[in-house]
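First up is the structure itself, then whatever we jot down about it.
The values are calculated or read from the model by the stated rules, or taken from the named source; none is laboratory data. Worth saying up front: this structure is predicted, and the values here are computed from it rather than measured. Ideal geometry is used to build each Cβ from the backbone, glycine not excepted, and the neighbour counts take in all protein chains shown.
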Amino acid sequence: MRLLRNLGRRKLRTTLTVLGITIGVWTLVVFGALATKINRLVDGGSQYYAGKIIVSDASNSGIGLGTVPMDLAVANQIRGMAGVAAADPQVEIPLDGNANAAFGTPNLIDGAVAGADKGLDSFTPEPAQGRLLTAGDEGAQVTVLGSDLARKLDVGVGDSTKLNGVPFTIVGILQPTLLSPDTTAMVPLAAGQKLFLATLPPLLRGTLDASQLASRIIVHPASGTDEAALATRIKATADNVSAMTSADFNQQVGATTMIFNAIIIGVALISLIVGGLSVINTMAMSVAERTREIGIKRAIGGSRIRVVREIVAEAGFIGLLGGLIGLTLGALVVVVANEAGRSSGLILFELTPATAILAIVFSTILAAIAGIVPALHAARLDPVTALRYE
Amino acid sequence: MPLLEAANLRKTYKLTRNNTVEALRGVDISINRGEMVAIMGPSGSGKSTLLHILGLLHAPDANHGPAPELRFDGRDVADLPDGQRTRIRARQMGFVFQQFNLVPTLGAVENVALAGEYAGMKWSGALTKAAEMLAYVGLADRHGHRPSELSGGEQQRVAIARALVNEPALILADEPTGNLDSKRSAELLDLLRRFKEERGQTFVLVTHDAEVGAACDRIVRMRDGLVLEASMALPAAA
């Protein structure tokens, strides 16, 4: 506790330095939690796309929502191709027109015939209450809600709710997945098709038959079939479609995510390094003020190692303190922001124990390393000269 | 048998590039076990420099003139590396300074315990030993006081407790009475003599104070970096 007394000598200076580290760690924690969440979403996407080919209209750009209608005939055409185990036409449309969330996952309505994947989809949510949809639900106005969506709408199994203005009965609520299904309302394909038609421009609406609509077709290749080759054949066979494999997804999203991660982690590291420099400054000032005291200690038999250890320990303690406060404030922001966002399904952060421990350990070690420079200077002082220092 | 033997001690300090000071110009000195020796002389005569070399805080110059010799407790210590000199200072020597030089953030007992810790004691053991020493120098009721809360005389007694806590063979003091009035000076000298008589420790005191000199067994007089005369051993003061 002699260490605390030394730090207590210049309370304002110590506080400001701790604050510098706090800001650095705070940034690391908050941005780290953001990166974790985004990476989790991307991994979830990867997992979702694994072993599937997503076929949508070629005029859809990127990997966003397939909002351009396709004809179910395309699904039948693909189903007949060699190497295709199942072709599962689906409708995916924004719920309440709320598709433009910048981060996280938008609220969605997914319409599909239960079991059309023939059990090949590896991504299978579990019900927390009620049940999942079955093929027998086709034609009924029933829905299974994601956990966040159910909380936002404040409804339970057996309740009735309106999806894009149309009433549905809730038959199940999913377990949280921390992924897109949490903010999705699953409906039978026929019900989804009607909702989809309603979202299309009026001119187009009149020319289309709701029961023949899909926004995408999930193709499950037969085992032993090369995904990329099948995707190429699908594009060649069906008119005007794009076919995306998990490799395409990983390539497109992976690169973007990596740059995003680099920027996020970079910003956090820069703020921590600035904090580290302020530790060097603080400890150098502290050593200068304590020149005489260091002379005393050296004269009465304190070794150089002891002098170094004392100063490095003080610096490390500043880092630890800043790290703990930064982590606490960062965790607070993460929890508050997530709670605030939960009602709108916007969960931006995920703070893992690994991030928390890393932030503390890193700030402590960084500060201790920053203390080495002034500590070595102190250790090299000549005791006699230092004793004369006023 | 001498505790300290030194010959050909030289020390030149470089003040600026062209300005050097020859602080010691070839000093021979021998100090016996159990002796209390005063080193006296005008300012700039090299007495503090001699004390720093005898106390292994500085090494004598080795690069000009006859090779310096320095033996402490039978061991050649003329050019030991810093780590070994520090270890000898910690375990076998005690220092008392004119400015007291206590650590301001530590209480009296902790200041004393610090020297014990440097000599290899556990902190708790050092605190116990330090408390005994403080009682011995008459400061049993001042354990937790910081240096700023103690008078000059009290601070110097804490410094003496610190110098003696490891029961070192040699105690070196640089103007120990320089900041004390005559009453406190006399008390301090009594205290040092008590240690000498009771524990047989060896003292080397640099001083301007004739009364301090008179209390010692022997006076070594210095001028211009040389020892003038070694006065004959005085009969030990009663």
*Are there any pairs with C-beta distances below 9 angstrom linking a residue in the stretch B:89-107 that is under 21 Å from B:LEU4 (Cβ atoms) and more than 7 Å from chain A (Cβ to nearest Cβ) to a residue that is aromatic (Phe, Trp, Tyr) and not in a helix (DSSP H, G or I), with the two at least 6 apart or on different chains, and if so which?*
B:GLN92/B:PHE72; B:MET93/B:PHE72
*Of the residues B:GLY46, B:GLY55, B:GLY41, B:GLY26, which single one is surrounded by fewer than 22 Cβ atoms within 10 Å (Cβ to Cβ) and touching a residue at least 60 places away in the same chain (Cβ under 8 Å)?*
B:GLY26
*asked:* If I ask for residues that are under 15 Å from B:LEU3 (Cβ atoms) and either facing chain A (nearest Cβ under 10 Å) or buried (at least 20 other Cβ atoms within 10 Å of the Cβ) (or both), which ones from the stretch B:63-76 would you list?
replied: B:LEU70, B:PHE72
_Failed condition for A:THR15, given (1) modelled with pLDDT under 90; (2) under 30 Å from A:LEU272 (Cβ atoms); (3) surrounded by fewer than 15 Cβ atoms within 10 Å (Cβ to Cβ)_ = (1)
*Check B:GLY26, B:GLY34, B:GLY55, B:GLY44 and return the single one that is within 16 Å of the chain's Cα centre (by Cα) and more than 10 Å from every other protein chain (Cβ to nearest Cβ).*
B:GLY34
_Of all residues making up the stretch B:116-158, the number that are within 14 Å of another protein chain (Cβ to nearest Cβ), more than 21 Å from the chain's Cα centre (by Cα) and of a type in the set (D, E, K, R)_ = 1
*Please list, ordered by first then second residue, the pairs with beta carbon atoms under 9 Å, 6 or more apart or interchain, first in the stretch A:361-390 and over 17 Å from A:VAL308 (Cβ atoms), second among the charged types (D, E, K, R).*
A:LEU387/A:ARG292; A:LEU387/A:ARG298; A:ARG388/A:ARG292; A:TYR389/A:ARG292; A:GLU390/A:ARG292
*What residue, among those in the stretch A:255-293 that are surrounded by 14 or more Cβ atoms within 10 Å (Cβ to Cβ) and small (Gly, Ala, Ser), is nearest to the other protein chains (Cβ to nearest Cβ)?*
A:SER286
*Does the stretch A:349-366 hold any residues that are under 22 Å from the mean Cα position of the chain (by Cα), over 18 Å from A:ILE270 (Cβ atoms) and surrounded by fewer than 18 Cβ atoms within 10 Å (Cβ to Cβ), and which are they?*
A:THR352, A:PRO353, A:ALA354, A:ILE357
*asked:* List pairs: first residue in the stretch B:121-136 and closer than 10 Å to B:ASN166 by Cβ, second residue outside any helix (DSSP H, G or I) anywhere in the structure, Cβ distance under 7 angstrom, at least six positions apart or on different chains.
replied: B:LYS129/B:MET121; B:LYS129/B:VAL165; B:MET133/B:VAL165
*Single unsatisfied condition, A:ALA299 versus (1) away from chain B (no Cβ under 14 Å); (2) surrounded by 22 or more Cβ atoms within 10 Å (Cβ to Cβ); (3) modelled with pLDDT of 90 or more*: (1)
_Test result for A:ASN6, within 14 Å of chain B (Cβ to nearest Cβ) and of a type in the set (S, T, N, Q)_ = yes
*Among the residues listed as A:ILE273, A:ILE234, A:ILE259, the single one being part of a helix (DSSP H, G or I) and within 23 Å of the chain's Cα centre (by Cα)*: A:ILE259
